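A short write-up of the structure that comes next.
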Amino acid sequence: MNKNLWLLAGAQGLFLTNNVVFIAINGLVGLSLAPLGWMATLPVMGYVVGGALSTPLVARTQSALGRKASFQIGLLVALASALLSAWAVMDRNFWLLVAATVVAGYYSANGQLYRFAAAELSTLAFRDKAVSLVLAGGLAGAVLGPNLATRTKDWLGVPFAGAYVSLAIVAVLSMAVIGLMRFPPVPPPTAKADQGRPLREIMRQPIFIVATAGAALGYGVMNLLMAATPLAMQVCGFPFEDAALVLEWHVIGMFAPGFITGHLIKRFGVLTIMGVGVVLNAACIAIALSGVDLHQFLIALFLLGVGWNFLFTGSTTLSLQAYRPEEKDRAQAAINFCVFATMAFTSFASGALVTTQGWQWLNVGSLVPVALTGLALIWLAWSRRQAGRSA
């Protein structure tokens, strides 16, 4: 770890603080403002839809201006969207809140590239661990996010308006952190012959397909259950402080393993660690289906977080083998677009299912993407074994 990687880990922690506060409050604010109950998670969905729509623009900005300038632009958008969200809540304008979260998605599309930047700021031999340790910086978000939401929700006299204002302060702090960093210079424009393979060819590779599926479906399952948890706990009679505690331990589960995930990948192999992530997701669902006491919510969401870490870190590591340096902007944009598209669908499905079908059926439905992820890993492992035999 060098100075730039430590700072990037700090930026990741502030990015996750923003995300955790959004997840903790957007559904509840949406439920209080939405014309219909099933629309409650539209502000959550707006955040990831905005990320998906911003992905191509962010890719071009990163390519033209470099990592640092693009990250700072994303943080300016985060600052503006947080203030717009606070205004929407104070004005009780549901659709303005949805629009503000869509705009905030531009910041999310930038923040999702922190993990790829980590690989570029380290040596080749260390990059697996660098990705894992920078993701571990999100552990700060596990502590800051829920506590920030709890302590600032009544700042301005309107429930949760102050929490959005606090995110504007977080954005300013993150701008200062990124401002201290040094990234590799933007490479000069190259001839067309040096642009690498077409995106379609990159995306047809089995390793790219499985890396993208692991990232997208792993994030999708995590988002489906995490976004619904505050709503489900409110229905079960738990106060917001209990929901914040559950989300805190969920995000600890997401990022605390980052200190060892890189080591585990090197020792046991990336597909094995991703497979453990699938098993942990299944265990989470089993516990969630067993009851709705506080400890069941807490343990299930903690396991969900650890499972996500293994799947997402493994998928990011696996994807690094699927493209060349000159192809990285297009390949990373394609992966992130698939992640955001899946998250957008699950954000909407989360609110619709938990308010119409209930927590139990939401968990049963989550078994489908978990099974698909497991099958994708088995397929890639089998393909590699067959290729080894024919070599």
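The values are calculated or read from the model by the stated rules, or taken from the named source; none is laboratory data. Since the structure is predicted, the reported quantities are computational estimates derived from the model, not experimental observations. All Cβ positions, even for glycine, are placed from backbone atoms using ideal geometry, and neighbour counts span all protein chains on display.
Listed values, structure above:
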| quantity | calculated |
| --- | --- |
| Residue within segment 22-31 that is assigned to a helix (DSSP H, G or I), buried (at least 22 other Cβ atoms within 10 Å of the Cβ) and under 13 Å from the mean Cα position of the chain (by Cα) present | yes |
| Pair list, Cβ under 6 Å, 6 or more apart: segment 133-146 residue more than 25 Å from Leu121 (Cα to Cα), other residue modelled with pLDDT of 80 or more and acidic (Asp, Glu) | Pro146/Glu248 |
| Residue in segment 99-124 that is nearest to Gly10 (Cα to Cα), counting only those that are free of Cβ contacts under 8 Å to residues at least 60 places away in the same chain and of a type in the set (Gly, Ala, Ser) | Ala100 |
| Verdict on Thr261 being at pLDDT below 90, part of a helix (DSSP H, G or I), touching a helix residue (DSSP H, G or I) at 6+ places or on another chain (Cβ under 7 Å) and over 16 Å from Asn363 (Cα atoms) | yes |
| Cβ pairs under 9 Å, 6+ apart, first in segment 267-280 and without any contact (Cβ under 8 Å) to a residue 60 or more places away in the chain, second among the acidic types (Asp, Glu) | Val270/Asp128 |
| Complete set of residues in segment 43-65 that are surrounded by 24 or more Cβ atoms within 10 Å (Cβ to Cβ) and within 29 Å of Val235 (Cα to Cα) | Pro43, Val44, Met45, Gly46, Tyr47, Val48, Gly50 |
| Filtered residues of segment 79-136 (kept if closer than 18 Å to Gly262 by Cα and β-branched (Val, Ile, Thr)) | Thr123, Val131, Val134 |
| Helices (runs of 4 or more DSSP H) completely within segment 94-168 that count 1 or more residues being among the basic types (Lys, Arg) | 114-120, 127-136, 139-152 |
| All positions within segment 88-105 that are aromatic (Phe, Trp, Tyr) and closer than 11 Å to Gly46 by Cα | Trp95 |
| Total residues in segment 342-357, condition surrounded by fewer than 22 Cβ atoms within 10 Å (Cβ to Cβ) and under 12 Å from Gly220 (Cβ atoms) | 3 |
